[in-house]
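Notes to accompany the following structure.
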Amino acid sequence: MTQDDPFGIALNTGKLKSRPKDASPKAEAQSDAVAEKHGFVDRAPRKKRGRKPSPRTGQVHAKVMPEVSKEIAREARMRGVQQGVLIEEAWALYKADKELD
Amino acid sequence: MPTIVVASPKGGAGKSTTAVLLGTELARGGVDVTMLDCDPNRSLSLWAERADLPDRISVQSDVGESGIVRTIKAFDADGQVVIVDLEGVASRLVSRAISQADLVLTPMRATTLDATIGARALELIAEEEEALDREIPHAVVFTMTKAIQSKQHKGIEASLRGQGIDVIDPPLMERAAFSGIFAFGGDLHSMPPQGNMDSARANARAFAMEVYKRLTGEV
């Protein structure tokens, strides 16, 4: 082995041994206590609570007859979806019928 | 599986550069290396995505505080090396990783600010050794050093050595190839030439060899 080529011989991986380390919850708590004392605190990002925002941000401005409005609302409520989902489905059927892309 | 944790609460100290150079040089020497990217900035992952990973290297991304101990344990196998790259902040993730380390490397530039903040990691290690009742080998590696050492560098190094801190010689010098490796991915042998490649390769190899000696108890 030379200074210019210290890897002139392959490293002996057999010499690479792991030392025993305590990974128990107690050891973790001890480590956390030491960390806090030295200002090494919990910085893990907090997960946002609650429902994720809907991707349905497109807006249509449709006025329909009152009975149709009630039927759409009832159907959406029964299926547990937004009314926009029904409009998307109706639009897909319309496009298929008209053979639009 | 010796676990090497690269830790300093100081950002920009050269942690990810140290991790990549060490990992790629050990892999080139025939060692299987698993690199854990625990930095939300994903420096290691970005390097890994730039080009095909060198042989014998795998990268695990987005390892967080809750999963760090479990992830290190998952790759526990003799003859391999795990390298943990941490964010440059004082977080509990740092202390948990240190608790599972066979060797902690603290990179620091040869400036008073880096040394002062880097010393916090050394204090944490010392107290963890006491709390966990086991020795945690650790060493400082100077990064981005110049060919001619400044008075500041000499003073900081003498101070550390005087306190019994292990300082790895050679340091990792400021080299175009060391910063360029994040632009091209791969290792110092696969990337397009950036500056004096022979010197960069020799520097990285000699540094990795010193780390290897510490893992095998030859130092």
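The values are calculated or read from the model by the stated rules, or taken from the named source; none is laboratory data. None of these values were measured; they are calculated from a predicted model. Quick reminder, even Gly has a Cβ in these numbers, built from the backbone with ideal geometry, and neighbours come from all protein chains shown. With ligands, DNA and RNA removed, areas are computed over all heavy atoms of the protein, side chains included. Shrake-Rupley method; radii C 1.70, N 1.55, O 1.52, S 1.80 Å.
Where does each of B:R205, B:R50, B:R56 land when they are ordered by accessible area, with a 1.4 Å probe and the largest first? Show your work: numbers first, answer last.
On the way: B:R205 40, B:R50 150, B:R56 105 Å².
Final ranking, largest accessible area leading: B:R50, B:R56, B:R205.
What is the magnitude of the charge dipole of the protein assembly as shown about its Cα centre, with +1 placed on the Cβ of each Lys and Arg, -1 on the Cβ of each Asp and Glu, and no other charges, expressed in debye to the nearest 20?
Values: 43 positive and 45 negative charges, 213 e Å.
Around 1020 debye, computed over the protein assembly as shown.
For a quick protection proxy, order the peptides B:88-97, A:75-84 by their average other-Cβ count within 10 Å, most packed first. The partial results should precede the final answer.
Working: B:88-97: 24.0, A:75-84: 11.8.
Result, highest mean first: B:88-97, A:75-84.
What residues have an amide H closer than 5 Å to that of B:I83, excluding those fewer than 5 places away on the same chain, when H is modeled at 1.01 Å from N in the peptide plane?
The list, which skips near neighbours in sequence, is B:I4, B:T34, B:M35, B:L36.
Provide the per residue accessible area, probe 1.4 Å, for chain A, rounded to a whole number of square angstrom. Could you put the intermediate results ahead of the total?
Numbers: 8740 Å² over 101 residues.
Ligands and nucleic acids excluded, the figure is 87 Å² per residue.
Please list, or write none, the lysines whose alpha carbon is within less than 26 Å of the alpha carbon of A:K70, excluding same-chain residues fewer than 8 places away.
Filter leaves A:K95.
For Cα pairs less than 8 Å apart in space and 6+ apart in sequence, what is the mean separation divided by the residue count of the range B:129-219, i.e. the relative contact order in percent? Write out the running numbers ahead of the final one.
Values: 77 pairs, mean separation 23.5, N = 91.
It rounds to 26 percent for the range B:129-219.
For every other residue with a beta carbon closer than 11 angstrom to the beta carbon of B:A27, add +1 if it is Lys or Arg and -1 if Asp or Glu, then tell me the sum. Kindly include the intermediate steps, with their values, before the conclusion.
Values: positive: B:R28, B:R56; negative: B:E25, B:D32, B:D55, B:D187.
Net charge around B:A27: -2.
Using Cα atoms only, what is the angle between the long axis of helix A:25-37 and the major principal axis of chain A, expressed in degrees (0 to 90) to the nearest 10?
Helix A:25-37 sits at roughly 90 degrees to that axis.
Where in the range B:79-104 does the label zone of B:L46 land, with the point 7 angstrom along Cα→C-beta and an amide N cut-off under 16 Å?
B:85-89, by backbone N distance to the label point.
So, for the range B:21-107, what is the accessible surface per residue at a probe of 1.4 Å, expressed in square angstrom?
Numbers: 2870 Å² over 87 residues.
Heavy-atom accessible area per residue stands at 33 Å².
What accessible area, in Å² to the nearest ten, does a 1.4 Å probe give for A:K21?
30
For the pairs A:K37/B:K146; B:K151/B:K213; A:K26/B:K15; A:K63/A:K98; B:K154/B:K213, flag any whose C-alpha to C-alpha distance is greater than 26 Å.
Details: A:K37/B:K146 36 Å; B:K151/B:K213 29 Å; A:K26/B:K15 29 Å; A:K63/A:K98 23 Å; B:K154/B:K213 24 Å.
Cα-Cα > 26 Å for A:K37/B:K146; B:K151/B:K213; A:K26/B:K15; rest within.
Compare B:I72, B:I165, B:I148 by solvent-accessible area with a 1.4 Å probe and give them largest first, with all protein chains kept in place. Walk me through the intermediate numbers first.
Working: B:I72 5, B:I165 30, B:I148 145 Å².
Sorted by accessible area, descending: B:I148, B:I165, B:I72.
Which whole-number percent gives the relative contact order of the range B:3-215, counting Cα pairs below 8 Å spaced six or more residues apart? Write down the numbers at each step before the final one.
Details: 395 pairs, mean separation 56.9, N = 213.
This gives 27 percent for the range B:3-215.
Of A:D32, A:D42, which has the most accessible area with a 1.4 Å probe, and how do the rest follow in descending order? Numbers along the way, then the final one.
Working: A:D32 25, A:D42 55 Å².
Ranked list, largest accessible area first: A:D42, A:D32.
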